[in-house]
1. What is the antiparallel percent of DSSP beta bridges lying wholly in the chain, to the nearest 5?
2. Could you calculate the FRET efficiency of Ala100 with Asp49 from 1/(1 + (r/R0)^6), where r is the beta carbon distance between them and R0 is 41 Å, rounded to 0.05?
3. If the only charges are +1 at each Lys and Arg Cβ and -1 at each Asp and Glu Cβ, what is the size of the charge dipole of the chain around the Cα centre, to the nearest 20 debye?
4. Can you put Asp141, Asp80 in order, fewest other beta carbons within 10 Å first?
5. In the neighborhood of Gly77, defined by Cβ-to-Cβ distances under 13 Å, what is the net charge if each Lys or Arg adds +1 and each Asp or Glu adds -1?
6. Helix 197-211 versus the longest principal axis of the chain: what is the Cα-based angle in degrees, 0 to 90, to the nearest 10?
7. Compute the angle between helix 89-100 and the longest alpha-carbon principal axis of the chain, please, reported from 0 to 90 degrees and rounded to the nearest 10.
8. Pick out, from Ile98, Tyr185, Ala155, the residue whose Cα sits farthest towards the positive end of the charge dipole of the chain, with +1 on the Cβ of Lys and Arg and -1 on the Cβ of Asp and Glu.
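Every number in this text was worked out from the coordinates using simple rules, so none of it is lab data. Fair warning: this is a prediction, and the values are worked out from it, not measured in the lab. Neighbour counts run over all protein chains shown; Cβ positions are idealised from the backbone, glycine included.
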Amino acid sequence: MGLKKHIRILQELGYEYLYLEREMENTVEEKLKKLEEINRVIQECKKCDLHKNRTQAVLGEGNPDSRLVFIGEAPGGDEDKQGRPFVGRAGKLLTRLIEATGHKREEFYITNVCKCRPPGNRTPTPWEMEACFPYLRQQLDIIQPKVLCLLGATAARAFLNRHVAITKERGSVINWEDKLLYLTYHPAYVLRNPSEEMTLFEDIKRAIQLAYS
Ligand code: URA
Ligand code: SF4
């Protein structure tokens, strides 16, 4: 029965008021509001030295209700300028591969372990990743995804706290707290090794299947 019909029946029964209860905690608007609060905090954050060279911190973007979150390393030059994750060359490849699966980039949430660009796009240090990790954790607490697709060895290391040989470990699914980690290549690696593009594509497809199965 549709909602309108329900309401009409209630009216006929003499109801004049209808109290609609909704779980504010879980609405998309509420999630977006909480994510925006984190954004305000990171724009002022000086917990690690990466704040010194940033134009702005980059929180992430996408569907706050997504069951799958893509996680990279840190913003690069384009991301630092635009304030959005994965919008440079590597980002365009990621977007193209997501869309090749028949999905849209906006269906998922995309972010990074570190929210500020390292100088010269160097790899963030373990300390910088540790300093920034609580923000990622807060994001995940809000979004509550099932699967985290970790793009590259650095993102994998941030979660597993050990060295990761990504060419050996890509494609593996690892339990992490109440979520699943899906390890794959960083799209920048695939730009340097174009023969691996199909592998990254298949991994993205599998991560999506895992999240929605
Ligand atoms: N590389 C990353 O790891 N993250 C971005 O957002 C862009 C490039
Ligand atoms: Fe703060 Fe993270 Fe930026 Fe470091 S990288 S200054 S911890 S927001």
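1. Here the share of antiparallel DSSP bridges comes out near 30 percent.
2. Using R0 = 41 Å, I get an efficiency of 0.60.
3. 580 debye
4. Asp141, Asp80
5. +3
6. On a 0 to 90 degree scale, this one is about 30.
7. Helix 89-100 sits roughly 50 degrees off the main axis of the chain.
8. Final value for the positive-end residue is Tyr185.
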